[in-house]
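So the structure is just underneath, and the comments pick up after that.
The values are calculated or read from the model by the stated rules, or taken from the named source; none is laboratory data. Given the structure is predicted, the values throughout are model-derived calculations rather than measurements. Cβ placement follows ideal geometry from the backbone for every residue including glycine, while neighbour counts extend to all protein chains displayed. Please note that ligands, DNA and RNA were not included when accessible areas were found on the heavy atoms of the full protein model with its side chains. Shrake-Rupley method; radii C 1.70, N 1.55, O 1.52, S 1.80 Å.
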Amino acid sequence: MTAAPEIGSARRRTEDARLITGRTNWTDNIQLPGLLHVAFLRSPVSHARITGVDVSGARERPGVVAVFTGADLADEQGSLPCAWPVTEDMVLPDHPPVAVNEVRYVGEPVAVVVARDRYAAADALEAIDIDYEPLPAVTDMEEAIKEGADLVHSDKGTNTSYEWIYEAGDLDAAFRDAPVVIERRYVQQRLIPTAMEPRAVVCSAVGDDYTLWSSTQIPHILRLMLATVTGIPEHRLRVIAPDVGGGFGSKLQVYGEEVVCLLLAKRLGRPVKWTESRSEGNMAVHHGRGQIQRLSLAADSDGRIRGLKVDLLADMGAYLMLVTPGIPILGAFMFNGIYKMDAYSFKCAGVFTTKTPTDAYRGAGRPEATYGIERMMDELAAELSLDPLEVRRRNWITHDEFPYDTVSGLTYDSGNYEAATDKATELFEYDKLRAEQADRRDRGDPVQLGIGVSTFTEMCGLAPSRVLGSLSYGAGGWEHASVRVLPSGKIEVVTGSSAHGQGHETAWAQIAADRLGVPFEDVRVLHGDTSISPRGMDTYGSRSLAVGGVALYNACEKVIDKARRMAAHLLEADEQDIEFAGGSFSVRGVPEQARTLQEVSLAVFGAHDLPEGFEPSLDSDATHDPDNFSFPHGTHLCAAEVDTETGFVKLRTYVAVDDVGSVVNPLIVEGQVHGGLAQGIAQALYEEAVYDAEGNLTTTTMADYLVPSAGDLPTFTTDRTETPATTNPLGVKGVGEAGTIASTPAVVNAIVDALRPYGVTDVPMPCTPERVWQAVRGGTAERSTQPGAGGGLGSAGGEA
Amino acid sequence: MPRVSVEVDGVEYDDDVEPRLLLAHYLRDRLGKVGTPIGCDTSNCGACTVLLSTGRRASGTTSVSVKSCSVLAVQADGKSVTTIEGLSDGQELHPMQQAFHEEHALQCGYCTPGMIMAAIDLLRENPNPSEEEVREGLEGNLCRCTGYQNIVRAVRRAAGDMRSPAEEGVTS
């Protein structure tokens, strides 16, 4: 009797048991004897010199144990690390965890209080006096790069951190005499990642040994970086990521608060805890996106792309954090999307502003690029009066052309854009909705219907170490797994991936159960603690399954190889004659002569009778470094009803057909797609970190920063095609970011499509009712003055 | 300091508290009821939602959902609080918990305790909500992971499970 295969089964999640009963171990839940509470005083101004600090009042407050300023910590706090120097001459300013002389964004820490409880710590902040001498705010990237602009870092002499350029093919030839040239300027607004669990850190010091709990995605990287910054030896520092309530890139960071908590535990000899409030986090958690894109696309009159020019200004914020400068560079490889073209250039300038630093946010560089190209494809379609799907068909890589070397230097291993698109258009009832759109246009319906297309791919599974090296990234892209076979035959899987909602405990158990032929319930997955899982590269960039899952697969194969030898010994057969299936080793042709993995495991544990030179352990490790990225893709279609009188947008239908290769757990995959869609749609319609001209963040609370609720989102129709990755034995591709990457342009394309008869060629994100209404009113006059923007006017008739 | 007497998940507590102490912090920091998390400071996210009896004690009064970050501990004096930790008897899950599990209505799980408590209160007011009514009814609870679709499914599934078979017979 063989059990149903675990891989591919919609297992309900193991981790749910604690999450639905309130038995979760969030960092803020941790209590230690003598625990002290930490609070940070933060700059209320965007840019100023600190001319006076008086903490004496705070020190006298009841319950206060200690107060430190940046100057007090200066000899130990170091500078927060940037691990991605994208160019040799990149401008990399010092970044003290607590500001010493100057503050450069609202929310930057300026002092820290340690008290007996969190209320006392918060009270004491109000008794600290800081004198600020105002310096000019730098809030506009296009102004900031001009000669003579006010500077964020006056000692650096420039606001440009770096310029990074990639060129391929003959762009001049592509644009020379091109029948169609489209030029656009798009703004990727700043976003606040908003994981539901605010950041929290607990740190304890016992002698020379430190334990730091943090709500982090990256316990392993954090350990190394904290050791580097503070000088505490790496082997004396244990980092634990307990249950972590979401990350979306925001917890892929080495935060000043983590460094400071470590130093406080060291100085005070007492454990400390810091938990941020949401309003604090909106200012101090790194932001995402923040780009101005200038795009030029040259095409033939039949819609075939000749070349694409990309010119970006990427908002770094005030400092370069862990991978800040590299995020927009990831987009360099994705602006060409799924399309064939011979010439391409990408130029990106990283620009300092007096705003919260930016860094990874779900998709990290690829949503920005995908937005750019997918919006341009719709503009090209409008210019040529072609259906947006048709113009894509004329340009995309066909399924028989894989593996395909793209103009940006990647090799896409597999994909089938035709199949995904066919399925999506059928589910969407594309032709029917186009007919309804035409009807509403003919009737002059104040509520217009728009159809948005996004045929995307993305590079994930970060990443082949040699590629990261060629991009000057500071680490490799491997992942580690080990499999422990316990004497009773139960299995412990240890992974270097660090789940924070993704469901690794379930999916990894499915992989191990499947490979080793043991019951799912016999596998336990351990992660997120550098003492339990000593090697890891953690979780981000949709890498866990495509890299860490493959490491686990390889570790299982090693266990089987070891056990096979032992089984041959026990069965007195030749190793070559031993077959393994369903958790049992048998002699080929003599199935009744068999030993289960459990029996072999117990025999190895006893170690009384081992093959010659056999080490008495079946435990195995594997470290997997992928040969290539993984390239999930899909076709997303969005139908939006746009009220031209109120500007209100209602998403009526959203169809997402994703191809993420082979699937370990379809339930988890669907959940990842749903959540990704919500975040991408939120960028299109709702969210923006807004700064005023003085550099004040005006969206510090959830009342101002509009994370969508259940009532703000539609019901999605999701489906899959399955084109296995050819670069790993599981055939898997990443799925964590796909929904976010694909959905933003699908929504905006739908809105613009609805409004083309009004001369609208763009609506800036987020497409709030006010902005949509403004676009309807001003669309024709304002937009037609832009170079190359004539398509919107002429194309209305060709849409139906 | 005022003294409060509160029943939480069936256990009586008597404590001296600062008048300004939030119920959420009282539950978490004083009672160790850390199953109820805090996600914001403006009562927007709903992660800290618990059920609070409208009258003194649970018996004979209704329990309604409140955001425990916007209730003072002293306001709970004499009342009964049910948190996520008190929903299940340790043997069997509450139908709402079971439905969240079955429908994959959670990922990171941080919003889940509040979402489940709010959903239970929603069904108290409307035992058979439409999809639209569930979406509107849960607008005070934010989730960043799921896109809400499976939460909506779970709440409607639980609604079906919680209606008595007789009732089911009448409505179908």
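Residue A:27 meets the conditions (1) open to solvent by less than 10 Å² (accessible area, probe 1.4 Å); (2) within 14 Å of chain B (Cβ to nearest Cβ); (3) in contact with a helix residue (DSSP H, G or I) (Cβ under 7 Å, 6 or more places away or on another chain) in every case but one. The failed one is (3).
Residue by residue, here is whether (1) farther than 27 Å from residue A:321 by Cα; (2) among the aliphatic types (A, V, I, L, M) holds:
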site: A:143; (1), (2): no, no
site: A:170; (1), (2): yes, no
site: A:174; (1), (2): yes, yes
site: A:183; (1), (2): yes, no
site: A:192; (1), (2): no, yes
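Restricting to region A:702-714, name every residue that is crowded, with 16+ Cβ neighbours inside 10 Å and either within 7 Å of chain B (Cβ to nearest Cβ) or of a type in the set (Asp, Glu) (or both). Break it down stepwise before answering.
We begin by selecting, within region A:702-714, every residue crowded, with 16+ Cβ neighbours inside 10 Å; these are A:702, A:704-710, A:712-714.
Correct list: A:702, A:704, A:707, A:709, A:710, A:712, A:713.
How many of the residues in region B:121-142 are assigned to a helix (DSSP H, G or I) and either within 25 Å of residue A:503 (Cα to Cα) or at the interface with chain A (Cβ under 9 Å from one of its Cβ atoms) (or both)? Before the answer, list the steps.
The initial filter retains those residues of region B:121-142 that are assigned to a helix (DSSP H, G or I), namely B:121-125, B:131-137.
Checking which are either within 25 Å of residue A:503 (Cα to Cα) or at the interface with chain A (Cβ under 9 Å from one of its Cβ atoms) (or both) leaves us with B:131-132, B:134-137.
So the answer is 6.
Highlighted here are the helices (runs of 4 or more DSSP H) found entirely within region A:393-483 that include at least 3 residues which are surrounded by 21 or more Cβ atoms within 10 Å (Cβ to Cβ) and at negative phi: A:417-428.
Within region A:722-741, not a single residue is more than 19 Å from residue A:631 (Cβ to Cβ) and over 22 Å from the mean Cα position of the chain (by Cα).
Looking only at region B:97-115, which residues are facing chain A (nearest Cβ under 7 Å) and either part of a loop (DSSP other than H, G, I, E, B) or crowded, with 24+ Cβ neighbours inside 10 Å (or both)? It would help to see each step written out before you state the result.
Applying the first criterion (facing chain A (nearest Cβ under 7 Å)) to region B:97-115 yields B:97, B:100-102, B:104, B:106-113.
Across region B:97-115, the qualifying residues are B:97, B:100, B:104, B:106, B:107, B:108, B:109, B:110, B:111, B:112, B:113.
Under 9 Å between Cβ atoms, which residue pairs at least 6 apart in sequence (or on different chains) link something in region A:156-171 that is on the phi > 0 side of the Ramachandran plot with a partner that is buried (at least 17 other Cβ atoms within 10 Å of the Cβ)? Pairs found: A:157/A:91; A:157/A:151; A:169/A:307; A:169/A:341; A:169/A:343; A:169/A:344; A:169/A:345; A:169/A:407.
On the given criteria, is residue A:69 away from chain B (no Cβ under 14 Å), at pLDDT 95 or above and surrounded by fewer than 17 Cβ atoms within 10 Å (Cβ to Cβ)? Outline the logic, then answer.
Details: away from chain B (no Cβ under 14 Å): yes; at pLDDT 95 or above: yes; surrounded by fewer than 17 Cβ atoms within 10 Å (Cβ to Cβ): no.
Spelling it out, it is not the case that residue A:69 is away from chain B (no Cβ under 14 Å), at pLDDT 95 or above and surrounded by fewer than 17 Cβ atoms within 10 Å (Cβ to Cβ).
Regarding residue A:122, is this residue more than 30 Å from the chain's Cα centre (by Cα) and within 14 Å of chain B (Cβ to nearest Cβ)?
Here the answer is yes, as residue A:122 does meet what is asked.
In the set B:39, B:46, B:86, only one residue is under 27 Å from residue A:30 (Cα atoms), in contact (Cβ under 8 Å) with a residue 24 or more places away in the chain and touching an Asp or Glu at 6+ places or on another chain (Cβ under 6 Å); that residue is B:86.
To keep it simple, each residue is scored yes or no on (1) out of contact with any strand residue (DSSP E or B) (no Cβ under 6 Å at 6 or more places or on another chain); (2) at pLDDT below 95; (3) among the aliphatic types (A, V, I, L, M).
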{"residue": "B:22", "(1), (2), (3)": "yes, no, yes"}
{"residue": "B:60", "(1), (2), (3)": "yes, yes, no"}
{"residue": "B:76", "(1), (2), (3)": "no, no, yes"}
{"residue": "B:79", "(1), (2), (3)": "no, no, no"}
{"residue": "B:96", "(1), (2), (3)": "yes, no, yes"}
{"residue": "B:101", "(1), (2), (3)": "yes, no, no"}
{"residue": "B:114", "(1), (2), (3)": "no, no, no"}
{"residue": "B:131", "(1), (2), (3)": "yes, no, no"}
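Is it true that residue A:600 is buried (at least 18 other Cβ atoms within 10 Å of the Cβ), outside the structural domain of residue A:721 (by TED's automatic domain parsing), more than 19 Å from the chain's Cα centre (by Cα) and among the aliphatic types (A, V, I, L, M)? Taking the combined requirement at face value, the residue satisfies it.
The selection criterion, being in contact (Cβ under 8 Å) with a residue 24 or more places away in the chain, in the same structural domain as residue A:318 (by TED's automatic domain parsing) and polar (S, T, N, Q), holds for residue A:301. Screening region A:760-800 for residues that are modelled with pLDDT under 95 and in contact with a helix residue (DSSP H, G or I) (Cβ under 6 Å, 6 or more places away or on another chain) and picking the one that is farthest from residue A:190 (Cα to Cα) gives A:800. On inspection, residue A:735 passes the criterion of being more than 10 Å from every other protein chain (Cβ to nearest Cβ) and either open to solvent by less than 30 Å² (accessible area, probe 1.4 Å) or in contact with a Gly (Cβ under 7 Å, 6 or more places away or on another chain) (or both). For region A:231-276, the set of residues classified as part of a loop (DSSP other than H, G, I, E, B) and open to solvent by 40 Å² or more (accessible area, probe 1.4 Å) consists of A:231, A:233, A:269, A:270, listed by residue number. Every listed requirement among (1) crowded, with 20+ Cβ neighbours inside 10 Å; (2) at pLDDT 95 or above is met by residue A:492 save one, (1).
Would region B:143-150 turn up any residue that is within 28 Å of residue A:27 (Cβ to Cβ), within 12 Å of chain A (Cβ to nearest Cβ) and in contact (Cβ under 8 Å) with a residue 60 or more places away in the chain? Step through it out loud before you land on a result.
Step one: of region B:143-150, the residues within 28 Å of residue A:27 (Cβ to Cβ) are B:143-148, B:150.
Remaining after also requiring within 12 Å of chain A (Cβ to nearest Cβ): B:143-148, B:150.
When the remaining residues are screened for being in contact (Cβ under 8 Å) with a residue 60 or more places away in the chain, the result is none.
The answer is no; no qualifying residue exists.
Are any of the residues in region A:496-509 out of contact with any helix residue (DSSP H, G or I) (no Cβ under 8 Å at 6 or more places or on another chain) and surrounded by fewer than 19 Cβ atoms within 10 Å (Cβ to Cβ)? No, the conditions are met nowhere in region A:496-509.
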